[in-house]
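Structure first, then comments.
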Amino acid sequence: MTMRKPSRQLATVLLFGLSLTLWPRGGGADSTVDQPNSTTSDPVETALEWLGAARAKDAGKLMSLSRTPFVESRLRVDGCALKGRARTTKDMAKLASCIVRESLFVESIPDTTVKKYFVNWKVVALSDVEKSLRKLVAPLAKNHDLVSGDLTGSGVTYVIVLAVRRDGGVDAAVADVDVFE
């Protein structure tokens with residue numbers, strides 16, 4: 001039986017009896033995209049593009065701005081069984097669909113083209129991330145820009161942290177959610 005190696009796979013080596021597959025930087029065989037479809041290299045602008053795609057309920061655009069593996073935490077939609085992790089393109093398509101169906105979150109996102117709504121959004125150090133979210137984004141802090149800000153909608157406030165790759169694309173979206181009356 002001949003095994004064909006995926007086109008993006010660099011090599012497979014045998015090391016101490018273990019098979020090790022090497023992939024180019026940016027993801028494995030099932031990475032969502034080679035280069036995310038962001039129109040900017042600024043991490044805050046990339047984060048706002050991602051939020052804008054969620055606001056527009058455009059799962060395809062949201063997926064194109066995301067990279068796998070992707071982690072989403074505390075944005076929950078009933079019926080989404082992925083538990084916030086997308087390891088493959090297929091998983092990311094399902095997760096993007098779940099995120100755009102999370103109505104309280106989507107409705108709390110103002111028009112991302114109106115910059116006055118996002119003046120407090122900025123790249124933050126891990127030590128400045130809200131304590132409840134720090135553990136979730138700590139593994140990404142070394143090679144990502146952590147972009148954070150607040151979204152307030154009907155009876156809910158989200159403190160959001162998006163992990164934006166330095167070469168573009170969003171790898172994680174985590175939120176601390178406060179519901180008020």
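Just so it is clear, none of the values below were taken in a lab; they were calculated from the coordinates. No experiment lies behind these values; they were computed from the predicted model shown. Neighbour counts run over all protein chains shown; Cβ positions are idealised from the backbone, glycine included.
General remarks:
- Charge context of S41, other residues only, Cβ under 10 angstrom, K/R +1, D/E -1: -2
- Judged by the mean number of other Cβ atoms found within 10 Å, the most tightly packed of the peptides 102-113, 140-151, 160-171 leads the ranking 160-171, 140-151, 102-113.
- For segment 59-166, the spread of Cα positions along the three principal axes, ordered from largest to smallest, is 34, 33, 25 Å.
- Sequence-ordered 3J(HN,Hα) estimates for segment 45-59 from the Karplus curve with 6.51, -1.76 and 1.60 and θ = phi - 60° stand at 5, 4, 4, 5, 4, 4, 5, x, 5, 5, 4, 6, 6, 9, 4 Hz, glycine and proline given as x.
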